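Values in this text are rule-based calculations from the coordinates and carry no lab data. What you see is a predicted model, and the numbers here were worked out from it, not measured in a lab. Here the Cβ positions follow ideal geometry from the backbone for every residue, glycine too, while neighbour counts run over all protein chains shown.
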Amino acid sequence: MVKSVGQIIFNDLVKSGIYEKLTVSQCVFEVLKHVFGDLSGHLKILSFKNGIVWIGTPNPAFSQELSFMEREIVNRVNEIIGEEVVKGIRFKEVFK
């Protein structure tokens, strides 16, 4: 069976777990964009491992504000994905 280059790359991404990370990152960003509008441009998805998404913020106050909304963000992301992939979100100040 002949496979396209795109299918081979897709299969490799799925096997390595990168596809899941990309999907989760995109969903998290879309939820943040919906909740925070233009302010979401100041956030950066740092990593996703073991169900935890790490998000970089510009300052501690922003991290604190987001931490109050963690459960809502997690629920919305999991709703978009259709299964419970994200268990929690951690915030880290990433000064630009």
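Once you have the Cα-Cα distance between Met1 and Glu83, take 0.36 nm times their residue separation minus that, and quote the gain in nm to one decimal.
26.3 nm
By the scheme Lys and Arg +1, Asp and Glu -1, what is the net charge of all other residues having a beta-carbon under 15 Å from that of Asn50?
Residues near Asn50 contribute +2 overall.
So, R0 is 22 Å and r is the distance between the beta-carbons of Asp12 and Asn50; what FRET efficiency does that work out to, to 0.05?
The formula returns an efficiency of 0.55 here.
What is the projected area of the convex hull of the Cα atoms of the chain, averaged over all directions, in nm²?
On the way: hull surface 29.2 nm².
Mean projected area for the chain: 7.3 nm², to one decimal.
Measure up Lys21/Lys87; Lys33/Lys87; Lys49/Lys92 against 18 Å on the Cα-Cα distance and list the ones that go over.
Cα-Cα > 18 Å for Lys33/Lys87; rest within.
Given charges of +1 on the Cβ of Lys and Arg and -1 on the Cβ of Asp and Glu, with all other atoms neutral, how large is the dipole of segment 6-96 about its Cα centre, in debye to the nearest 20?
Around 300 debye, computed over segment 6-96.
So for Leu39, Leu66, fewest C-beta neighbours within 10 Å to most, what's the order?
Leu39, Leu66
Name the residues whose placed amide hydrogens come within less than 5 Å of the amide hydrogen of Asn59, ignoring near sequence neighbours (fewer than 5 apart) on the same chain.
Val94
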